[in-house]
Amino acid sequence: MSDDKKIGVVRFLGTNCDQDVFDALENIEGLTPVWLWYENKFDVHKFDGVVVPGGFSYGDYLRSGALASKMSVMDSVEEFAEIGKPVLGICNGFQVLCERNLLPGALLKNKNLKFIDKWVSLKNNVSEGLWSLGDETLNLPVAHGDGCYYVSEEHLAALKDNDQIWLTYDENPNGSVDDIAGVLNAKKNVAGLMPHPERAVAPWMGSVSGSVLIQRFLNS
């Protein structure tokens, strides 16, 4: 429909969760997903939101998300974020946003040095604004090898002071500082998380918590 919100879904070489994200968005009434190719810039005024999906862009060579963060489409994503529009990075997308300095901190190898694939329970720590999710515990799957969120003590204090710690794990699977699973930028329009909301949008998947999170674009 013409009044649907148009959400760009970024595709990099090696990304493998992009179709899942596209389908999840397409199944939410009021949202229309559109592909954004890594080589191309886009008109930031024609979109209402952008998602950077997960999935081993460029094989995670150099560092997870490092090569993807240099692609042309990210120039537009950065411009999009600068004008205050919502951007969501999922797993590798979270890593890309950190590499681009659109989100604070870095994602390091899991403390056990093993790939982690499991369901986790998450607590929302944001009480107001676009990414507020209420008091309900979220159940989402994680699947990553470089999911240990790191930030210095000084910057961690700043994140706490500015309410930028978005989601925390009930049981920390990867060694992230302060159990952090997701963070916001200072303006609160860019969000990143390691769990995969697009894999929890229907009862048969095991949870619908992801739908609640993805629907935030309707409130932007």
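The values are calculated or read from the model by the stated rules, or taken from the named source; none is laboratory data. Because the structure is a prediction, the values reported are computed rather than measured. Counting neighbours? That spans all protein chains shown, and the Cβs are built from the backbone with ideal geometry, glycine included.
Return the pairs, sorted by first residue and then second, in which the second residue is acidic (Asp, Glu) and at pLDDT 95 or above, the first residue lies in the range 12-29 and is surrounded by fewer than 23 Cβ atoms within 10 Å (Cβ to Cβ) and assigned to a helix (DSSP H, G or I), the beta carbons are less than 7 Å apart, and the residues are 6+ apart or on different chains.
Final answer for the pair search is ASP20/GLU198.
Suppose we filter the range 116-133 for residues that are part of a strand (DSSP E or B) and either within 14 Å of VAL50 (Cα to Cα) or of a type in the set (Asp, Glu) (or both); how many remain?
Qualifying residue count for the region: 1.
State all residues of the range 188-220 that are in a helix (DSSP H, G or I), buried (at least 17 other Cβ atoms within 10 Å of the Cβ) and aliphatic (A, V, I, L, M); if no residue qualifies, say none.
VAL212, LEU213, ILE214
Answer yes or no: is there a residue in the range 46-53 that is at pLDDT 95 or above, touching a helix residue (DSSP H, G or I) at 6+ places or on another chain (Cβ under 8 Å), under 19 Å from LEU184 (Cα atoms) and acidic (Asp, Glu).
yes
Report the residue count in the range 81-92 for those that are among the small types (Gly, Ala, Ser) and either assigned to a loop (DSSP other than H, G, I, E, B) or free of Cβ contacts under 8 Å to residues at least 12 places away in the same chain (or both).
Of the residues in that region, 1 qualify.
State which residue is nearest to GLN19 (Cα to Cα) when the search covers only the range 164-181 and only residues that are touching a Ser or Thr at 6+ places or on another chain (Cβ under 8 Å) and touching a residue at least 12 places away in the same chain (Cβ under 8 Å).
So, considering only residues that are touching a Ser or Thr at 6+ places or on another chain (Cβ under 8 Å) and touching a residue at least 12 places away in the same chain (Cβ under 8 Å), the one nearest to GLN19 (Cα to Cα) is ALA181.
I'd like to verify a number: residues in the range 1-19 that are within 16 Å of the chain's Cα centre (by Cα) and within 15 Å of SER57 (Cα to Cα), how many?
Number of matching residues: 9.
Run VAL73 past the list (1) β-branched (Val, Ile, Thr); (2) buried (at least 24 other Cβ atoms within 10 Å of the Cβ); (3) more than 19 Å from VAL212 (Cα to Cα) and report the number of the one that doesn't hold.
So VAL73 meets the others, but not (2).
Could you go through the range 137-149 and let me know if any residue there is part of a strand (DSSP E or B), touching a Ser or Thr at 6+ places or on another chain (Cβ under 9 Å), at pLDDT 95 or above and more than 19 Å from ASP20 (Cβ to Cβ).
Yes, that holds for at least one residue.
Say we look at the range 20-59 and pick out the residues that are of a type in the set (Gly, Ala, Ser) and over 17 Å from the mean Cα position of the chain (by Cα); which of these is farthest from GLN215 (Cα to Cα)?
Here the residue is GLY59.
State whether one or more residues within the range 93-115 are of a type in the set (Gly, Ala, Ser), crowded, with 19+ Cβ neighbours inside 10 Å, in contact (Cβ under 8 Å) with a residue 60 or more places away in the chain and in a loop (DSSP other than H, G, I, E, B).
Looking through the range 93-115, at least one residue is of a type in the set (Gly, Ala, Ser), crowded, with 19+ Cβ neighbours inside 10 Å, in contact (Cβ under 8 Å) with a residue 60 or more places away in the chain and in a loop (DSSP other than H, G, I, E, B).
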